[in-house]
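Chemist: I'd like to ask you about the structure that follows.
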Ligand SMILES: C[S@@+](CC[C@H](N)C(=O)[O-])C[C@H]1O[C@@H](n2cnc3c(N)ncnc32)[C@H](O)[C@@H]1O
């Protein structure tokens, strides 16, 4: 085993995040590292090498022993990649010889390999030919250095080859399936929001609630058009480990990089919001909501089948303060005849309820100037893409 193969050696990670939400992902890492959720050694490592925002992600140096907690506890990222090597390659023979000379066996405990290639602004532009070349190089490599049976994990590994301005960057997709696939919701309603987007928007709303000194222990999160329940679920799960799925690296990355003696996962009863209320008008979607929320503790939420505009919320909230978040209907799956009218009506209805102390409304950016009731302050406009549509989260009051 090479002397570098140790779970305490810092690995260079790229944590992919939906564009526009990088600052929230960085805060999530900093906060959870401080809480001790992300494994031993991360805070020290971050002190020496602070995590950095990049376009579409975060660059983080972390001990390999943190790979499991990073995957379990981070809720905003889409994927975590291990950045390994980079080299110049202007033609295919060079690409082949460079790939053949890399020390793959220091990292891989599986030869079930696929590639994800991108080529931009480079002499090498044929991604299919890059893939064929890489395949040949790795086959030859593992003929020369076959894996010993007892060291083989046998899972699938996806190697990223990103060629930009004639420099090839080599990385390994540690996560496997994208991280918003939590394997928690069995049914996903008509227009589900990805779990990691929901987590990021809730985290942002939570930050505003703290800034406005809203007493969170006594506040209820309301989603008045709750769909299949992504907001309540993410609010209740934000500080809890995602143990409902596995992550690719545990099946292909040599264990010496990341495996440590099993330790008790820190019990965390923290939540972004302690109690959630959901309303959903569609009977089929309501059934899905009921079934999805069964994984959450019964006394952490209440849901109601009905029309938000006709529902007496004070009856449900017992006049506690409400922080409201809503992914309003839009797009092809839930078309609206008069979107501006619907959104204005929604804002009017929310502002007439004095228990609502903060409102986050998500809808297409093209309607961001729909009329707001008098006296409403826009605290933030956060832009991002949802299902290919340019969207905004307006934070109001
Ligand atoms: C965009 S979807 C919400 C998706 C949800 N955030 C998720 O990820 O599953 C909007 C939901 O609002 C519901 N809805 C529309 N009008 C409503 C109303 N007046 N009252 C309650 N629910 C309503 C729709 O049936 C739909 O499920």
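Chemist: Just checking, which of 224, 232 is farther than 28 Å from residue 70 by Cα, assigned by TED's automatic domain parsing to the domain that holds residue 347 and within 12 Å of the ligand (Cβ to nearest atom)?
Modeler: Going through 224, 232 in turn, just one is farther than 28 Å from residue 70 by Cα, assigned by TED's automatic domain parsing to the domain that holds residue 347 and within 12 Å of the ligand (Cβ to nearest atom): 224.
Chemist: Right, another one. Restricting attention to region 213-239, which residues are out of contact with any strand residue (DSSP E or B) (no Cβ under 7 Å at 6 or more places or on another chain) and either free of Cβ contacts under 8 Å to residues at least 40 places away in the same chain or closer than 14 Å to residue 360 by Cβ (or both)?
Modeler: Listed by number, the residues that qualify are 213, 230, 234.
Chemist: Being closer than 14 Å to residue 105 by Cβ and surrounded by fewer than 19 Cβ atoms within 10 Å (Cβ to Cβ) is the filter here, so list the residues in region 151-175 that pass it.
Modeler: Answer for region 151-175, where residues must be closer than 14 Å to residue 105 by Cβ and surrounded by fewer than 19 Cβ atoms within 10 Å (Cβ to Cβ): 151, 152, 153.
So that you can scan it fast, the table gives a plain yes or no per residue for (1) within 20 Å of the chain's Cα centre (by Cα); (2) outside the structural domain of residue 252 (by TED's automatic domain parsing):
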| site | (1), (2) |
| --- | --- |
| 141 | no, yes |
| 144 | no, yes |
| 148 | no, yes |
| 157 | no, yes |
| 166 | no, yes |
| 184 | yes, yes |
| 203 | yes, no |
| 206 | yes, no |
| 210 | no, no |
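Chemist: Additional query: Which ones in region 302-339 are loosely packed, with under 14 Cβ neighbours inside 10 Å and at pLDDT below 90?
Modeler: If the condition is that a residue be loosely packed, with under 14 Cβ neighbours inside 10 Å and at pLDDT below 90, then 312, 314, 315, 318, 319, 332, 333, 335, 337, 338 are the ones that fit.
Chemist: In this structure, does residue 202 turn out to be within 16 Å of the ligand (Cβ to nearest atom) and at negative phi?
Modeler: Judged against the criteria, residue 202 is a match.
The values are calculated or read from the model by the stated rules, or taken from the named source; none is laboratory data. None of these values were measured; they are calculated from a predicted model. Don't worry about glycine lacking a Cβ; one is built from the backbone with ideal geometry, like all the others, and counts go over all protein chains shown.
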